[in-house]
Each structure stands twice: as C-alpha cells, then as structure tokens.
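The values are calculated or read from the model by the stated rules, or taken from the named source; none is laboratory data. Just so it is clear, the model here is predicted, and its values are computed rather than measured. Cβ coordinates were reconstructed from backbone atoms using ideal geometry, including for glycine residues, and neighbour counts include every protein chain displayed. The protein model used for the area step is the full one, side chains on, heavy atoms only, and it has no ligands, DNA or RNA in it. Shrake-Rupley method; radii C 1.70, N 1.55, O 1.52, S 1.80 Å.
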Amino acid sequence: MRKDFLWGGAVAAHQVEGAYREGGKGLSIADVMTSGSREKAREITDGVVEGKYYPNHEGIRFYDFYKEDIALFEEMGFQCFRTSIAWSRIFPKGDEETPNEEGLKFYDRLFDELRAHGMEPVVTLSHFEMPYGLVQAYGGWRNRKLIGFFLRFARTVMERYKGKVRYWMTFNEINNQMILTNDIYAFTNSGILFEEGEDKLKTVYQAAHYEFVASALAVKAGHEIDPDARIGCMVAGTPVYPLTCNPEDVLLAMQEDRKNLFFTDVQVRGHYPSYIKKDWERRGYVLDITQEDLKNIREGCVDYIGFSYYLSSVMSADPGKTRTGNDLAASPDAVENPYLEMTPWGWTIDPKGLRYILNQYYDRYEIPLFIVENGFGYEDSLEDGKIHDNNRMEYLGNHIREMVKAVEEDGVDLLGYTVWGCIDPVSFTTGEMRKRYGFIYVDRDDEGKGTYKRIRKDSFYWYQGVIRDNGIRE
Ligand code: BGP
C-alpha cells in the first residue's frame, strides 16, 4: 500500500446531516422522498406533504453532532473522511446569484474540525441532493441551464475551501441513472421526473451529457483555483459476468458492462466512445451536443476514478433463466449468481469482484483509483448496549484482503478506501435506518424515534486495528 494511503469512512450530507431547514437551507430532492422498505419503494412527493414521513429531514443530526462524531472517527484512526456538500445549503433554490453565507460557514467549521483531527476531507459536489427548486423550475438535468448553476456552485465551494479540501468528486454514482427499471435513479441522479410515454433512455443520455460538460468545467475550474486539487469522477462499480462461456452470454455481459464503462470512458478519456455513438445512431437519437461541449469534455478529464463497490451482476442470453428482478442490476436480463450469497437486501456478496474491478479500471485507464464506498448493510441488534457485528467484520475483511492483493500483487494504484456509512446513515435506496452500515450505531429507528445516542460496535475496534496494520494480509 502507498505510504500516504487514505483509510477512512464515507457518508453523504443528506443521509446524515438532518437540519433540513436550518441555516437558510433550501429543500433538496432527498427532502421530498418518503421512507420505504425492502418491499415498498420510496415515494417522491410534490414538495413536502403534511402527514408523510421523510427520514432525511432529521438524518442522524450530524449537523449538530459532527464534533463528537469526528472525535469517534479520530479514535478509529481515520486519515480521511468522505462527505458531500449539500448544494441546497449553499444555493437554497439552486439558481441564486449569491451563495448563502450560513451554509458556507457550516462547511468551514466541518472541514476545519476534520483537519484539526488529522483527517483529509474527500468531498462530493453532487450526491443525490440537488436543490428541489431546480427540479420545479427547470426540470432538473434535462435542462442545459443546470450546467451554469452547477458550475457556480462548484466554483463557489472550491474557492472557499481552497487549502482545506484537496480531494473532490463531481457527481456521485453518475452511472446509476442507466438503471431504467426503477425511475427513482433518474430523480436521485438528475432530478428528472419522467413524463408519460417519454423515451427514458434518450432523456438520460441527454442529462448525462450535460453532467459530463458540467463535470469537465468543474474539473477545469478546480485546477485553475487550486493546482493542488485532485478532482475525480464517481461511479458505481459493478462487475458484470457472463453466466456461462457461451459466447452469447459473454457478448451480452460485455454490452451490459458498457452501460457502466461509458461514464468513465467519457470522464477519463475525454471523448465519447464509438459504441455509444453507434447506439445513438441506431436508435435515431440526435442529442443537444455542441462542438464547445466536446472541447470542454476533452479539456476536463478527471484526475482519478472514485467508485463504490457493493455487488456484481450476471448476464444470461438464455430467456429460460430466471431473472433476478433486482432493480440494482441495470439490465432486466440480469440473473442470479449461483456461486454467491446475498445480503438480506438482495445484494450479492462478492469480495473477489472488488479485485476484478480494480484491475479492470486500472488496465483500461491507468490513472489512480479511490474506493470511496464499500460496506455491509445489515439489521444490527443491540444486546446489553453492545453490537456484535461479526458479519460486517467478515464482509469488510474479505473485501480488504482482495483490495490489498489488487495493490500489492497486481500493481493497481489506489489512493484510499472509505467504508460506506461509517456511522449509521439513512439508507439511500429504502430510506430505512434498520439497514445499518456503521462502525458506530445511532439510536434512531424507522419512525424517527430514538435518542440519537452513538454506540461503538465491535467492528469499531476491529477497523481501528485494520488501519493500524495498514490492511489485512493473511
Ligand atoms: C450508494 C450511494 C450511497 C449509499 C449506498 C448504500 O448507491 O452512493 O448514498 O447509501 O449506495 O445504499 P443504501 O443506503 O441504499 O443501502
């Protein structure tokens, strides 16, 4: 592992901060999503509706408790901490000309606190929490105007936190919106609410294009503002395997994989790959793409690839095979992997897939990588004030071993590893609290009841040791 390898944890503003109306904050898209469950999808409401329950409004009150939480992270030995800046704290509706000073001050305090405790902030600009005002007034990222609003936001925070924040990422899991089997991802990625009969794929391609331009402009601006800044993209890293060695399956898996790789291809290499141009041609799509856009994309390549890793998927060309029905698989053709177990939320557990994808990215792009999310969502139980989360330690341990092999045996250049939800956050896909990820338990349930007390789980002490040893090797 490199000497300056960054061990730490990750969250996103909307899943932990709460205080959704404090300090001049505007509504974000996460503020209009109700809670859901494994069985029932979260509902997107038209503004905040009386009588409905919105778990992100309170989060885990990180806005109030960040100092004591950071002290706990320090105790674990974190060298970095990944979070996002809630765009709607800085530009409450999204299209204002001047930023909200109170919002900026909150992140000054947060980043100062992290630095004072020896942690490098790793910051995502847009993590599923754009201002809801941009959805209402502009239709989200279906509108080109969003590029300007995003760039104003990016410049504002990059200038303000110059010297405090060195690691940035532009759009969280930008490739999620290709999952068209569930409309929620177009909303959380891009603030898009589909209309009846709309060609969803075309809309998503267009939104992604505007985001590519916005991301590239932010990378260019960030480098001008602070030559020391390292600015990455962020994708959901999902390896795609063929079910069999039947060439039909292999080809299908490759095509499916391109739905993910397309995003890194553009953001790392700075141009659209030919397979995407052919896809548009075949479908008769003529998108709003200017020569200047293409120039900006070319000039705004990212410095590193940040990615999340949770699961892998499998493709089969055989219509007789049962489809998973898992809405996280981008394709309705995804089938179950007979070799892998799943979490109670139906996510495959595949540590080797992490080594696989680290190598896949590094072979293809040869730029540094950063695992900015990996974690185990589980319903922990509290016994006599303790949480014995052995399965989390096993899950993370197995992934860390594969990560170390990718670096030390395969030669992948990896900047760091941050465990998702290092302190129990509100789940993104279901809005639940019971799907817990943390090393630190937060006393809050799915109805929002609880004391918000923080309790160290067994994994807290375990991760402390992993960081001390700089990995696991046996
Ligand atoms: C990723 C998101 C996170 C996060 C994580 C776990 O998709 O970037 O915001 O929450 O997945 O997902 P969930 O919370 O739904 O279990």
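Structure summary
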quantity	calculated
Diffusion constant of the range 283-386 at 10 °C, which comes from Stokes-Einstein with the Kirkwood Cα-pair radius and 1.306 mPa s, µm²/s	91
Loop-located GluC sites (Glu not before Pro) in the range 340-388 whose Cβ has at most 10 other Cβ within 10 Å (DSSP)	E341, E366
Summed residue charge, Cβ within 14 Å of K405's Cβ, Lys/Arg positive, Asp/Glu negative	-1
Residues whose placed amide H lies under 5 Å from that of G416, excluding near-sequence neighbours	L6, I371
Residue pairs, from the table K67/K105; K202/K278; K67/K162, whose Cα atoms sit over 18 Å apart	K67/K162
Over 18 Å [Cα-Cα, the range 69-115], rounded percent	40
At 1.306 mPa s and 10 °C, Stokes D of the range 384-445 from Kirkwood alpha-carbon radius, µm² per second	117
Once the Cα gyration tensor of the range 177-275 is diagonalised, semi-axes √(5λ) in Å	27, 20, 11
Sequence-distant residues sharing a close amide H with M169 (under 5 Å, placed H)	V123, T124, L125, G232
Sulfur and carbon atoms: percent of accessible area, the chain [1.4 Å]	47
Phi-based couplings in Hz for the range 342-348 (Karplus 6.51, -1.76, 1.60; Gly and Pro marked x)	10, 6, x, 9, x, 9, 5
Accessible area (Å², 1.4 Å probe, nearest 10) - K105	100
Calculated P(r) of the range 354-474 - Cα pairs past 20 Å, %	47
The chain - convex hull of the alpha-carbon atoms, volume per residue in Å³	145
Lysines whose Cα lies under 18 Å from that of K435, excluding same-chain neighbours fewer than 8 positions away	K40, K386, K449, K453, K457
Convex hull (Cα only) mean projected area of the range 88-162, reported in nm² to one decimal	5.0
Around L151: net Lys/Arg minus Asp/Glu count, Cβ-Cβ under 15 Å	-3
Reachable aspartates and glutamates from K295, criterion Cα separation under 19 angstrom, eight or more residues apart if same chain	E211, E224, D265, D303
Percent breakdown of C-alpha pair distances by 5 Å bin, ordered from the shortest bin, for the range 196-355	1, 8, 14, 18, 16, 15, 13, 8, 4, 1, 0, 0
Approximate shape of the range 110-199 as ellipsoid semi-axes (Cα gyration tensor, √5λ), whole Å, largest first	30, 15, 9
Antiparallel DSSP beta bridges within the chain, as percent of all bridges there, nearest 5	25
Neighbourhood charge, 9 Å Cβ-Cβ cut-off, centred on R230 and excluding it, Lys, Arg +1 and Asp, Glu -1	-1
Order by protection proxy (mean Cβ within 10 Å, highest first), peptides 205-212, 239-246, 411-418	205-212, 411-418, 239-246
Kirkwood Rh in Å, taken over the range 27-115 so that all alpha-carbon pairs contribute	15.3
Accessible area (Å², 1.4 Å probe, nearest 10) - R434	100
Burial order of peptide ranges 343-349, 29-35, 264-270 (average beta-carbon count within 10 Å, highest first)	29-35, 264-270, 343-349
Accessible area expressed per residue, the chain, with surrounding protein chains retained (probe 1.4 Å, Å²)	39
